[in-house]
Amino acid sequence: QFGSYLERGIIPFVVLLILNLFMIPVVLVWEALFLIVLVASHGAAWGIIIAAILAIFLVLFSFLIGILMVAFMIRASLEGNFSSAFNFRWVLDFYKRVGWVVFGNMLLLQLMVIPLIIVGMCALYFGAFVAMAYFQLVSWHVWMQFYRLYLVRGGTPLNIKPEIPPSAFPVVMK
């Protein structure tokens, strides 16, 4: 049954990979501007201030892109179909109905996970991985709540791929 679960996760993983590939050029240009400003300023205060502003905008941009990825990931994971994952009409409808809720909840989740990861880094960096794994579980739970709210507000239901049937011969552990 592990193979069935693994197969189910491939499509959302590929969708996330494709969406992240579009961020790479933007992040590289942003980082290049950051370094150019720092080098050109020769350590002057104005260079450090501009670099800090660029860094803050990069974090905000990454947060907003992360919010945009939520709808794509919900659709890819529930339908289990790669071609329907990029249905922009559904994504726009999703954000019209629950966009502000998604923004507020994701902002709250980010504000909660940042201290958790910092504490994890203090635990010989291993705790950060535990915090990130926990954050993924919480995120998926919240994302499914977004989808349910979307349906309550009159959204179009997805063709959900059926659950994996239970094994024919359950293993009994004594």
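The values are calculated or read from the model by the stated rules, or taken from the named source; none is laboratory data. What you see is a predicted model; the values in this text were computed from it and never measured. Ligands, DNA and RNA are stripped out before the accessible areas are found, and what is left, the full protein with its side chains, is counted by its heavy atoms. Shrake-Rupley method; radii C 1.70, N 1.55, O 1.52, S 1.80 Å.
The table below lists the values:
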item: Kirkwood estimate for segment 5-77, i.e. one over the average of 1/r between Cα atoms, Å; result: 14.1
item: Value of Rg/Rh across segment 98-160 [Cα atoms, Kirkwood radius]; result: 1.14
item: Note, ³J(HN,Hα) from phi for segment 25-36, Karplus 6.51, -1.76, 1.60, rounded to Hz, x at Gly and Pro; result: x, 5, 5, 5, 5, 4, 5, 5, 4, 4, 5, 4
item: Solvent accessible area, Å² - residue 53, 1.4 Å probe, full protein context; result: 80
item: Spatial separation of Cα centroids for segment 114-167 and segment 17-82, in angstrom; result: 22
item: Karplus (6.51, -1.76, 1.60) ³J(HN,Hα), θ = phi - 60°, over segment 66-73, in Hz, Gly and Pro reported as x; result: x, 5, 5, 6, 4, 5, 5, 5
item: For residue 153, solvent-accessible area (1.4 Å; no DNA, RNA or ligand), Å²; result: 110
item: Accessible-area composition of the chain, carbon plus sulfur, in percent [1.4 Å probe]; result: 77
item: 77, 83, ranked by accessible area, largest first (probe 1.4 Å); result: 83, 77
item: Whether segment 48-113 is rounded, prolate or oblate, judged on the alpha carbon gyration tensor where a/c under 1.5 counts as rounded; result: prolate
item: Heavy-atom accessible area ranking, 1.4 Å probe, most first, across 89, 148, 8, 97; result: 89, 148, 97, 8
item: Computed over the chain, Cα set: Rg, Dmax in Å; result: 20.2, 70
item: Whole-number accessible area per residue in Å² for segment 52-125, which is evaluated in the context of all protein chains at 1.4 Å; result: 58
item: Residue order for 119, 101, 15 - accessible surface, 1.4 angstrom probe, largest first; result: 119, 101, 15
item: Within the chain, helix-based [θ] at 222 nm, where runs of 4 or more DSSP H residues each add -39,500 (n - 2.57), nearest 500; result: -29000 deg cm²/dmol
item: Heavy atoms of residue 161: accessible area, 1.4 Å probe, square angstrom to 10; result: 70
